[in-house]
Amino acid sequence: METRQAIIELKDVKLKRGSRITLDVSHFEIFRGENIAVIGANGAGKSTLLQVIACLLNPGEGRVCVGGRHVGKEITAIEARRRMAMVLQRPYLLDATVFDNVAIGLRMRHVPKDEVQRRVNEALDLFGIRHLAKRRGRSLSGGESQRVSLARAMVLRPEVLLLDEPMSSLDVPTRMTLLAELGRVIKKTRVTTVFVTHDVTEIPFLADRTVLMEGGRIVADGPVREVLRQEMRGALSQLAGAANWLLTEGGEEKDVAVFIADSAR
């Protein structure tokens, strides 16, 4: 039987800030096509894990492999980041047109002008914002701005899309609409996704695998319902009262699942 190779692998990774261990992961793999939600209380280590995956933080111990290559030895951090794209809580748009905001990563990679035009238009169409192409980025609403940020990431055609609570600043109706749109985009493009959230109600839109973190460690990892059913689900009680409907018999589990594209360098 052929063994799947992880697109990203963490092995014996530890990260300290002062004397405190903020991340302690013995083994974690992400396989191509997976959509993973990383959940946990504030300070659990979710964003730290994401930054290590993105090669933005260098762990003091252990190794991070991207595409089977050891980051820092067989591949540089910048080479690894070029295979990913990231979307943050805040869009951080430039004071330029929407088109130019989405095109910046391609231009930094010296992609030919005709291809930039085509790929940017495709990315804008993915999120239904092509009509905003000539608008200034800083004149947009919160939902429009986050759509631009997502398009800016997807235009790079990343192998892995990393999302750090990108919906947390949006009002509920906008958040639900954008979650559904993003779920459709992820399913259409089949991009591997790692999605950090503190809100379990977002999980069924974007993830089919869930990782629960506590104290910098992964304490559960598996299908959404299995993770929420395990004994450590008590740690989820402060995340959302809506956890119960995820466990309801017969409830639908959707098979879908997300920072400025540092990978543009």
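The values are calculated or read from the model by the stated rules, or taken from the named source; none is laboratory data. Bear in mind that the values here come from a model prediction, so they are computed numbers and not experimental data. Here the Cβ is made from the backbone with ideal geometry for all residues, glycine too, and neighbour counts use every protein chain on show.
Okay, here's what the table says:
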item	result
Some residue of the stretch 82-96 being among the small types (Gly, Ala, Ser), over 26 Å from residue 186 (Cβ atoms) and touching a helix residue (DSSP H, G or I) at 6+ places or on another chain (Cβ under 7 Å)	yes
Residue match in the stretch 41-60 (condition: assigned to a strand (DSSP E or B) and either of a type in the set (A, V, I, L, M) or at pLDDT 95 or above (or both))	no
Single condition residue 111 does not satisfy, out of (1) in a loop (DSSP other than H, G, I, E, B); (2) of a type outside the set (Lys, Arg); (3) under 20 Å from residue 148 (Cα atoms); (4) under 16 Å from the mean Cα position of the chain (by Cα)	(4)
